[in-house]
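The values are calculated or read from the model by the stated rules, or taken from the named source; none is laboratory data. A quick note: this is a predicted structure, and the numbers were derived from the prediction, not measured. Glycine also receives a Cβ, built like all others from the backbone with ideal geometry; neighbour counts cover every protein chain displayed. Heads up: the accessible areas ignore ligands, DNA and RNA and are worked out on the full protein's heavy atoms, side chains in. Shrake-Rupley method; radii C 1.70, N 1.55, O 1.52, S 1.80 Å.
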Amino acid sequence: MTDTTTEQASAAASGAAATEQFRSKQRTETAAADTQRVDTLVSELLAAAHDIIRRHKVTYAEYDALKSWLIQVGEDGEWPLFLDVWLEHVVEEVANENREGSKGTIEGPYYVPGSPRLPAETTLPMRDGEKGTPLAFQGQVKSVEGTPLSGATVEIWQADDDGFYSQFAPNVPEWNLRGTVVTDEQGNFKIHTIEPAPYQIPTDGSCGKLIAAAGWHAWRPAHLHLKVSAQGRRLITTQLYFKGGEHVADDIASAVKPELILDPVAVADGDGREVTYDFVLDKA
Ligand code: MBD
Ligand code: FE
């Protein structure tokens, strides 16, 4: 029997939350409405679509299927999910191609600014008895020149042991497994959390429908999301993965890089695992 008092996770609910979150977020640079640039980009995008239609002799039935699917993506609020899963990795590649410090990767649809500020050694906000293997994630934030960056911020957000993100799934406390950690005098941080579970794209929405229709799988490997920044330094948005984890080699969002794979070890005198990873920030 389904518990009718408990709201179920659904594609439309998480899609609506992701759409709302995107609308309220301000990127630092807003794209200028340059007519020439819009003309070039949109014309080439359309030309690529025309070419595909001709080469594959796309039928009216297929055209109509595309049309109704696109309408459905909007109704489900799944544009943020669709774009971040299948396009963002190339935008990120271009944006970060001349970075010298740590590798970045995609932000995805589930970042929320303004998470609780926490000291350099801290436990992320979590429920009593939060499920999952405890993880101690520590490291140092430094400049490309090797200077430790004191007072840098390490924003972290992650799914829980069921693969759900707070504020995008029902019945998870607002800031669960989200925090903004401030580094100490030596630029160090130590974050006590739990290992996240792999993330499955909702199967009951339009993105899930596409995945099923194309015979793909719907999984991202378990990951920690991070935004690391410091005064006068270029902010990095990245993710970290777990060696040997499921789907590390076939992430549906194409966002894994070899430099981003952690290999935690069992804690000698306690529960769970621990790992060290340093962040190197470019000049702003
Ligand atoms: C995620 O957790 C994520 O990080 C991305 C990029 C897309 C969907 C879900
Ligand atoms: Fe994610």
Under the rule rounded for a/c under 1.5, else prolate if a/b exceeds b/c, else oblate, using alpha carbon gyration tensor axes a ≥ b ≥ c, region 152-253 is classed as prolate
Against the longest alpha carbon principal axis of the chain, how many degrees, from 0 to 90 and to the nearest 10, is the axis of helix 60-76 turned?
-> 40
For the chain, the charge dipole (Cβ of Lys, Arg +1; Cβ of Asp, Glu -1; about the Cα centre) points to a positive end, and the Cα of 81, 261, 198 closest to that extreme belongs to 81
Degrees, to the nearest 10: 11-24 long Cα axis against longest axis of the chain | 70
What per residue convex hull volume, in Å³, do the alpha-carbon atoms of region 13-139 yield?
-> 218
Find the accessible area per residue for the chain; the probe is 1.4 Å, ligands and nucleic acids are left out, and the unit is Å².
-> 56
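Could you sort the peptides 84-93, 180-189 by per-residue average Cβ neighbour count (10 Å cutoff), highest mean leading?
180-189, 84-93
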Magnitude of the charge dipole, region 84-125, Cβ model with Lys/Arg +1 and Asp/Glu -1, debye to 20 | 220
147, 19, ranked by accessible area, largest first (probe 1.4 Å) | 147, 19
Could you tally up the Lys pairs in the chain with alpha carbons closer than 17 Å? Skip any pair fewer than 8 positions apart unless they're on separate chains.
-> 15
Inter-part gap, Cα centre of region 128-142 to Cα centre of region 195-239, in whole angstrom, is 19
Treating only Lys and Arg (+1) and Asp and Glu (-1) as charged, each at its beta carbon, one finds that the chain has a dipole about its Cα centre, in Debye to the nearest 20, of 580
Which of 105, 189, 163 sits farthest toward the positive end of the charge dipole of the chain, with +1 on the Cβ of Lys and Arg and -1 on the Cβ of Asp and Glu?
-> 105
Roughly what % antiparallel, to the nearest 5, for the DSSP beta bridges in the chain?
-> 70
Which of 154, 58 is most accessible, then next, and so on - probe 1.4 Å | 58, 154
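If you roll a 1.4 Å probe over the chain with all protein chains in place, what percent of the accessible area is carbon or sulfur?
C and S atoms contribute 54 percent here.
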Over the chain - Rg/Rh using Cα atoms and the Kirkwood inverse-distance radius | 0.99
